[in-house]
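The values are calculated or read from the model by the stated rules, or taken from the named source; none is laboratory data. Bear in mind that the values here come from a model prediction, so they are computed numbers and not experimental data. Glycine gets a Cβ as well: all are built from the backbone with ideal geometry, and neighbour counts include every protein chain shown. Each accessible area value is taken on the protein alone, full model and side chains, heavy atoms only, with ligands, DNA and RNA left out. Shrake-Rupley method; radii C 1.70, N 1.55, O 1.52, S 1.80 Å.
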Amino acid sequence: MFERQRLGEILVAQGALSAAELERYLGEQAQKGMRIGEYLVSENAISPLELSKALATQADVDFAEEIDLDAPDLDLLDHLPINFARARKMLPLWRTEYGVEVAVIDPFDIVGIDQVAQTLGHRVDPIIVSPTLLTDSLNVAYDRHDRLKGRYGAMLEDEQKESDGDGEPG
């Protein structure tokens, strides 16, 4: 059976913290009941970027420091509401011959990955990104999607109708 490397060991190997620091934080983390990576970030022992890189190593998936926001397939966003994408911290990027590459923070959120795969009707290949990059990219991608799909125009027309008082076209 495959046994993946422990996150703390990866962080030590990457130089994000020392073995002694890891041991100290592991003791504290056990009392808090948090996942070790989240705890280390909350204690400013490592950065969110260091955690993302270590998770990518642990999960044996790609890590991206940037997302070309002109490249995502905006049609994928038609099937995944922004509230769901924000809650699951996932952004579909593009189709490949094997499925859909999706930017994620947590490659071990199997339920979320399965939900996205089922919603999109394709296998999901996660790409790890930092939390900040994901949040910024979600906002830009969905804003671009809505602008290109004309949703802002429709929303403004609806607001104008409501402000006219009767909700009917003037």
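Just a few scattered comments:
- Seen against the Cα atoms of the chain and their longest principal axis, helix 48-59 is set at about 80 degrees.
- Along the axis of the charge dipole computed for the chain (Cβ charges of +1 for Lys and Arg, -1 for Asp and Glu, origin at the Cα centre), the listed residues 67, 104, 26 are led at the positive end by 26.
- Using a probe of 1.4 Å on the protein chains alone, the accessible area found for residue 119 is around 70 Å².
- Rolling a 1.4 Å probe across the protein heavy atoms gives the stretch 52-155 an accessible surface of 52 Å² per residue.
- Here the stretch 1-130 exposes an accessible surface that is 47 percent carbon and sulfur, computed with a 1.4 Å probe and the other protein chains kept in place.
- Whether the chain is rounded, prolate or oblate, judged on the alpha carbon gyration tensor where a/c under 1.5 counts as rounded: prolate
- Projected label points at residue 148 and residue 35, each 7 Å from Cα along the beta carbon direction, are separated by 3.0 nanometres.
- Net length gained if the chain between residue 28 and residue 70 were fully extended (0.36 nm per residue, minus Cα distance): 10.8 nm
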